[in-house]
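The values are calculated or read from the model by the stated rules, or taken from the named source; none is laboratory data. Model, not experiment: these values are computed from the prediction. Positions of Cβ are backbone-derived with ideal geometry, glycine not excepted, and every protein chain shown enters the neighbour counts.
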């Protein structure tokens, strides 16, 4: 592929040979076709290499890159793909997910019509390894699709951080997002690369600082959930939550206007999560200590969070993290 494409699609893979054909097939079936396809493999031990090689002569494929040794970090692979990307827009299409055929047409169209926007994010259907749809909804849209009849909203990036990303990683799956490469070049994502679990949360926050965020209220991505994965293991051993503490600390340092009540509530939510998590007492105590050391959080914050939760049912105007979301 010699012509510079409008979109660079990066597929980082590690040991997901069983999903690769569906993943790549859903990209090649996109109704929007001005894209290059960058295929990366992080030293897989399964049949991934043979499958990737079968696409070498496809005109959309610009690179197939194999690591000799596993990098140990999905974000290192992201960085490698981004260094190869030539498109105005980038789609990191995780190798175990797949997409509706209209995904690129919808997201490219949105970013083209809104030049100040840096990320366009769609909804996802959660599926299991066999492809069955799971009941859990990760989008938390509540009434948004009916309230905004055009089916999408354009939001200020800093407001999106303050009211959305401060509370949780609402952009929860890279496969559901298209972003502007020029915005990434201005963002500081160096800390993301060092993280194993929560780097994507910080990645989208750093991008949001560069411009507007578009939420599209259509489920155009299929997000595969694995009961055992690097992410779920990171939750159980505490790595993910320690990284979450660092993300929130970074956001609070970048946005000093976040008030003390919201900060206390945020720490209380962390404390509640530690109490409820499926982990050993030793891991939980380690996390309580890390919460205190990183954010100064403790039981007093948890008590306020519980009071906020119960009073919120009686007082519809009380700030809760659900109501704070734009």
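Checking the conditions here, which among 9, 65, 108, 61 is crowded, with 23+ Cβ neighbours inside 10 Å and in contact (Cβ under 8 Å) with a residue 24 or more places away in the chain? Outline the logic, then answer.
Details: 65 fails: crowded, with 23+ Cβ neighbours inside 10 Å; 108 fails: crowded, with 23+ Cβ neighbours inside 10 Å; 61 fails: crowded, with 23+ Cβ neighbours inside 10 Å.
None of the others qualify; the one that does is 9.
Scanning segment 16-27 for residues that are touching a helix residue (DSSP H, G or I) at 6+ places or on another chain (Cβ under 6 Å) and buried (at least 22 other Cβ atoms within 10 Å of the Cβ) yields a count of 1.
Buried (at least 16 other Cβ atoms within 10 Å of the Cβ), within 18 Å of the chain's Cα centre (by Cα) and not in a strand (DSSP E or B): is that true of residue 78 in this structure? For residue 78, the condition - buried (at least 16 other Cβ atoms within 10 Å of the Cβ), within 18 Å of the chain's Cα centre (by Cα) and not in a strand (DSSP E or B) - is met.
For (1) under 21 Å from residue 29 (Cβ atoms); (2) in a loop (DSSP other than H, G, I, E, B), each residue gets a yes or a no:
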{"position": "106", "(1), (2)": "yes, no"}
{"position": "129", "(1), (2)": "no, yes"}
{"position": "154", "(1), (2)": "no, no"}
{"position": "164", "(1), (2)": "no, no"}
{"position": "169", "(1), (2)": "no, yes"}
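Entry remark, segment 174-198: residues being at pLDDT 95 or above and outside any helix (DSSP H, G or I) number 4 in total. Cβ-Cβ contacts under 6 Å between residues 6 or more apart (or on different chains), taken from a first residue in segment 297-322 that is without any contact (Cβ under 8 Å) to a residue 12 or more places away in the chain to a second residue that is crowded, with 16+ Cβ neighbours inside 10 Å and part of a loop (DSSP other than H, G, I, E, B), are listed as 312/320.
Scanning segment 55-100 for residues that are out of contact with any strand residue (DSSP E or B) (no Cβ under 9 Å at 6 or more places or on another chain) and more than 16 Å from residue 38 (Cβ to Cβ) turns up 68, 69, 70, 72, 73. The criterion of at least 3 residues that are touching a helix residue (DSSP H, G or I) at 6+ places or on another chain (Cβ under 9 Å) and surrounded by 13 or more Cβ atoms within 10 Å (Cβ to Cβ) is met by the following helices (runs of 4 or more DSSP H) wholly inside segment 223-326: 230-237, 239-254, 260-276, 281-295, 299-314.
Residues in segment 28-43 that are within 16 Å of residue 108 (Cα to Cα) and buried (at least 20 other Cβ atoms within 10 Å of the Cβ): 4 in all.
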